[in-house]
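Remarks on the structure that follows.
The values are calculated or read from the model by the stated rules, or taken from the named source; none is laboratory data. Only a predicted model underlies this, so the values are computations on that prediction, with no experimental measurement involved. Glycine gets a Cβ as well: all are built from the backbone with ideal geometry, and neighbour counts include every protein chain shown. The accessibility values were calculated without ligands, DNA or RNA, using every heavy atom of the protein model including side chains. Shrake-Rupley method; radii C 1.70, N 1.55, O 1.52, S 1.80 Å.
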Number of protein chains: 2
Amino acid sequence: MLSRKAQYAFRALTLLVDKYDQGPVLISDIATKKKIPIKFLENILLGLRKADILESKKGKGGGYYIKDHPSKTTVAAIIRIVDGPIALLPCVSLNFYEKCKNCDQRNCGLHEIMESVRDATLGVLENRTLEDLRTGKETLAKKG
Amino acid sequence: MLSRKAQYAFRALTLLVDKYDQGPVLISDIATKKKIPIKFLENILLGLRKADILESKKGKGGGYYIKDHPSKTTVAAIIRIVDGPIALLPCVSLNFYEKCKNCDQRNCGLHEIMESVRDATLGVLENRTLEDLRTGKETLAKKG
DNA sequence: TTTCAACTCTAGTTTTTTAATTGACAAAAG
DNA sequence: CTTTTGTCAATTAAAAAACTAGAGTTGAAA
C-alpha cells in the first residue's frame, strides 16, 4: 500500500497539474484545498523539488509549480521519491536493491514471482504520468 | 513491500511445499531451519491454518502440513492472509475495499492508474501457486 | 489414565516506522 | 527594510510491525 505521505503527494500534484502553466501555487493553498497538514506538505513538496519534479519561488507571488511538462514525469518516479521501492521485495528492486539473506536467489521460486510482479507493476507505473492525474478528463480512453 | 511477516510465511511455506505429502513438520523445525523467531512463526502458521491453507496435528508426531495440493493455493491468497490488501490504495482493493475520502472516484486520474496496477499485479499473483515455491526446479520455464 | 509432546490462544512488550509539529532561517518582492 | 514565502533540521506523537510470555488444549502412547 502507498503511505499517507504518497497519497498527499499525489493530491498535491493533481492540483499542481491542473494549474500547470498558471504560475506558482502557495503551499498554504494546496494544504487548505486538499486538506493536508501544512507542515507535512512542506516536507513532501520540498522532497519533490529536490528530486527535480517541482520548482519553487520564494517571497510574494511565490509558491510551487511543476518543473517539466507533466507528461515527462512518471507516476513510478513520484512513488520512488516519496515512498521508496516499488517492488515487493528488496532483492528484486531495480532502484533500491538489497541482497536477501536466507535465500539463494538462484533457487528461490519466490524471487522469480516477485520479479514478474515488479515488471507487471512497472509496466503500468512507468507509462503513466502526471498528465494522467489531470481532472476533468474522465472520458479519455485508457492506455494499454 | 511485503512485511517481514509475509517473508517468513513464504519461507515456511517453501519448506512445507518441499515436504508435501511427507507428514507434519514441527514448528520448531521450521523455525530452526528457516531462522524465524519461533513464537512469531507460531502466529503466522496459525493464521494460515485458520485461513484453510494449512492443517495441523497436535501431540507426538504432530506439526503443520499443507492442506490442499500446492497448485491449488495462490500466492495472492497468502499475501492477503498475512499482509492484507495487495492493491496500492484501499479504494481500488478488491478484497479490502474502503471508500477514499477527499477524492471523487469518477474524476480521479489516480484511481484508474491504481486499478491498472492492481490488475497487472494480480495477473501474476493469482496465477502463481505454492507449487512455484518448490526448490530444485529452477530450470523450469517461466509462466506467461 | 497419566504423561509428555505438540499446537492454541490471548495478551502483552518492544522496536521501528510513519505522521505531524516546532521554530529558527533564508531569499525574493515591493 | 519589511513582509511574504519557501527552507530545513530537530523533535514529538501516534501507529504499526515485530517479537515474547505463559497458561491452555489436544492427542498419542506408555
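Could you check, for the stretch A:19-33, whether at least one of its residues is near DNA strand C (Cβ under 10 Å from one of its atoms) and either of a type outside the set (S, T, N, Q) or in contact (Cβ under 8 Å) with a residue 12 or more places away in the chain (or both)?
Yes, because at least one residue in the stretch A:19-33 is near DNA strand C (Cβ under 10 Å from one of its atoms) and either of a type outside the set (S, T, N, Q) or in contact (Cβ under 8 Å) with a residue 12 or more places away in the chain (or both).
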How many residues of the stretch B:55-100 are facing another protein chain (nearest Cβ under 10 Å) and on the phi > 0 side of the Ramachandran plot? The answer is 1
Here the residues within the stretch A:1-10 that are open to solvent by less than 50 Å² (accessible area, probe 1.4 Å) and in contact with a Leu (Cβ under 9 Å, 6 or more places away or on another chain) are A:Leu2, A:Ala6, A:Tyr8, A:Ala9, A:Phe10
Notebook entry, point to check: Does the stretch A:73-85 contain any residue that is under 29 Å from B:Ser3 (Cβ atoms), within 12 Å of DNA strand C (Cβ to nearest atom) and open to solvent by less than 30 Å² (accessible area, probe 1.4 Å)?
Noted result: yes
Expected single match for modelled with pLDDT under 95, among the β-branched types (Val, Ile, Thr) and over 25 Å from A:Arg4 (Cα atoms) among B:Thr135, B:Thr129 is B:Thr135
Picked from the stretch A:15-46 (must be within 14 Å of another protein chain (Cβ to nearest Cβ) and open to solvent by less than 20 Å² (accessible area, probe 1.4 Å)), the residue farthest from DNA strand D (Cβ to nearest atom) is A:Val17
Matching residues in the stretch B:1-45 (within 13 Å of the chain's Cα centre (by Cα) and either among the hydroxyl-bearing types (Ser, Thr, Tyr) or farther than 17 Å from A:Leu110 by Cα (or both)) number 5
Those residues of the stretch A:1-12 which are among the hydrophobic types (A, V, I, L, M, F, W, C) and more than 9 Å from chain B (Cβ to nearest Cβ) amount to A:Ala9, A:Ala12
Exactly one of B:Arg11, B:Arg49 is modelled with pLDDT of 95 or more, part of a helix (DSSP H, G or I) and within 13 Å of DNA strand C (Cβ to nearest atom), and that residue is B:Arg49
Margin query: Within the stretch B:62-79, does at least one residue satisfy the condition of being in a loop (DSSP other than H, G, I, E, B), within 13 Å of the chain's Cα centre (by Cα), within 16 Å of DNA strand D (Cβ to nearest atom) and under 30 Å from A:Leu133 (Cβ atoms)?
Written below: no
